[in-house]
Structures are given as C-alpha cells and as structure tokens.
Amino acid sequence: MSPSIADILAAVASWYGITTLDLRSSRRARAVSRPRQVAMYLAKTLTPRSYPAIGRAMGRDHTTVMYGVDQIAALSLEDPSILAAVAGIRRQLAPQYTAARWPATRP
C-alpha cells in the first residue's frame, strides 16, 4: 500500500519545518519551492497517481509537477542533501522501503 498525497505533504512539511499550507501556496521562495518539488517527486514515485492528479492535490498544473519531478531526480544525483532528504522522508513514510529500492529517476 502506498502513502496518500496528504501523508507525503505532511511528511515533507515536517522534514523541512514548514506547513502543508506553505507547500500548497503560491510562494516561490526556494525555502518553499524546493520542498514542494520534493513532495511532487515523492508523490509520483511512491503513489500510482498521475501528474494531473498530483497537480490537483497540490494546486498546480500537471506540467509544473513534471518539472518538479525532473528537477528533484536530477538534483538528487548531484546534491547529497536532496538525496538525503528524499531518502529520509521515504523512510518516514514507509520504513520497509530503502533508498536502494527507489531509483532517483523520473518514472
């Protein structure tokens, strides 16, 4: 069973010390936009939901979700802090999964 998008938003907000309202807001500050992209990436990789469904849940267009997923997939290969955050949040959401089971690529 996969986590819900609401569960993912709550876990990401907790990890980054922001609120779920911040993740759904229109703010573009990196302190909010990067966690938002992480949430999009995790929603796509951990749930069977489509880009449009994830976008609706987060108040975004599906192309924004696609861009966010691509950004985090690329950044997780270059930036250890992004990779650590993604792996840590995954462990929080589903302890039975390990980072090795989840590739850092767009599905």
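Each reported figure results from applying straightforward, stated rules to the coordinates on display, with no laboratory input. Because the structure is predicted, anything quoted here is derived from the model rather than measured. Ideal geometry is used to build each Cβ from the backbone, glycine not excepted, and the neighbour counts take in all protein chains shown.
Note on the chain: dipole from Cβ charges, positive end direction compared against H62, G17, S33; the farthest Cα belongs to H62. Each of M58, M40 was scored by other Cβ atoms within 10 Å of its Cβ. Listed from fewest to most, they are M58, M40. Between R91 and D61, the contour length at 0.36 nm per residue exceeds the Cα-Cα span by 8.0 nm.
Projected label points at A84 and A29, each 7 Å from Cα along the beta carbon direction, are separated by 2.3 nanometres. Estimated from helices alone, the mean residue ellipticity of the chain at 222 nm is -21500 deg cm²/dmol (sum of -39500 (n - 2.57) over DSSP H runs with n ≥ 4, per residue). Here the Kirkwood formula puts the hydrodynamic radius of the chain at 13.4 Å, using every distinct Cα pair. Counting beta carbons within 10 Å around each of Y51, Y67, Y41 and listing the fewest first gives the order Y67, Y51, Y41. Here the relative contact order of the chain, from alpha carbon pairs under 8 Å that lie six or more residues apart, stands at 27 percent.
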